[in-house]
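Working notes, beginning with the structure itself.
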Amino acid sequence: MLECAILAIGEELLEGSVVDTNSSFLGRLLVENGATPRIVRTVGDSIAEISAAMREAMDKCQLVLTTGGLGPTFDDLTSEAMAKACDKRTILYEEVKEHVQKRLNRLNLTMGDSQLRQAMLPEDAILFKNEHGTAYGFGSEYKKSLIIAMPGVPAEMKIMFSEQVLPFIKERFNLCPTYRSTLRFAALPESK
């Protein structure tokens, strides 16, 4: 059975100003599709902390999914952290740069260095398009593990995972759906 880790990235999650709904969504769909989540962790906005959490998760699991930290702000560090965790450098992806530019053009905005950072991803990255935002998802292989980063915005992440990432990992790991039944009991204490 495929063992997975989920890392939710962002200080806003640690501080409680944003509730992490992404991890429960991913956990539920992973289980439904035959994978077993073993680690769910929230990590702050620090390259050292994120890369250490990624490396630890990759040491224990074949698949690591991350959400958050892909935007244009100074604390969006997932790409750099993944490159560090996978012993790779970041490079400019023209496809991603063009995507960001098109999204900005629709809003009559110009691309600055902060937006251009979204196109700097780990070398040899597997790309996942984002039709609803600027941040592409991307994956990288390290030793026997695959790590995939997705946006933290729930609407963007859910579509990307359901339409692109899940089919990719189902094929990659030959996953088969699992079926579960839930039994509910009333008028009994939990210990019984």
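The values are calculated or read from the model by the stated rules, or taken from the named source; none is laboratory data. Here the structure is a predicted model, which is why all the values come from computation and not from measurement. Cβ placement follows ideal geometry from the backbone for every residue including glycine, while neighbour counts extend to all protein chains displayed. Heavy atoms of the whole protein, side chains included, go into the accessibility calculation; ligands, DNA and RNA do not. Shrake-Rupley method; radii C 1.70, N 1.55, O 1.52, S 1.80 Å.
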(message) Full-extension gain between D124 and E12, please, as 0.36 nm times their residue separation minus the C-alpha to C-alpha distance.
(response) 37.3 nm
(request) Calculate, in nm to one decimal, what E32 and E95 gain on full extension: separation in residues at 0.36 nm each, minus their alpha carbon distance. (result) 19.4 nm
(request) Just report the Cα centroid separation between the stretch 26-66 and the stretch 148-192, whole Å. (result) 14 Å
(request) Report the antiparallel proportion of the DSSP beta bridges in the chain as a percent, rounded to a multiple of 5. (result) 40 percent
(request) With a point put 7 Å past each Cα toward its Cβ, work out how far N108 is from A52 in nm, to one decimal. (result) 4.7 nm
(message) How would the stretch 108-182 be classified by its alpha-carbon gyration tensor: rounded, prolate or oblate, with rounded meaning a/c under 1.5 and the a/b versus b/c comparison settling the rest?
(response) oblate
(message) For I9, what accessible surface area do you get with a 1.4 Å probe? Give it in Å², rounded to 10.
(response) 10 Å²
(message) Quick check for you: with a 1.4 Å probe and neighbouring chains kept, what is the accessible area per residue of the stretch 67-192, in Å²?
(response) 61 Å²
(message) Here is the link list: K97/K170; K97/K143; K60/K97; K60/K143. Which ones come out longer than 23 Å on Cα distance?
(response) K97/K170; K97/K143; K60/K97
(message) Please give me the summed charge of the neighbours of K143: other residues whose Cβ is under 11 Å from its Cβ, Lys and Arg +1, Asp and Glu -1.
(response) -1
(message) Would the stretch 78-149 count as rounded, prolate or oblate if I go by the C-alpha gyration tensor, calling it rounded below 1.5 in a/c and otherwise prolate when a/b exceeds b/c, oblate otherwise?
(response) prolate
(request) Give the dimensionless ratio obtained when the Cα radius of gyration of the chain is divided by 2.2 N^0.38 Å. (result) 1.08
(message) What lysines does K102 reach when the alpha-carbon gap must be under 27 Å and sequence neighbours fewer than 8 apart in one chain are set aside?
(response) K129, K158
(message) 7 Å from Cα along Cα→Cβ at both F185 and S24: what's the point-to-point distance in nm?
(response) 2.4 nm
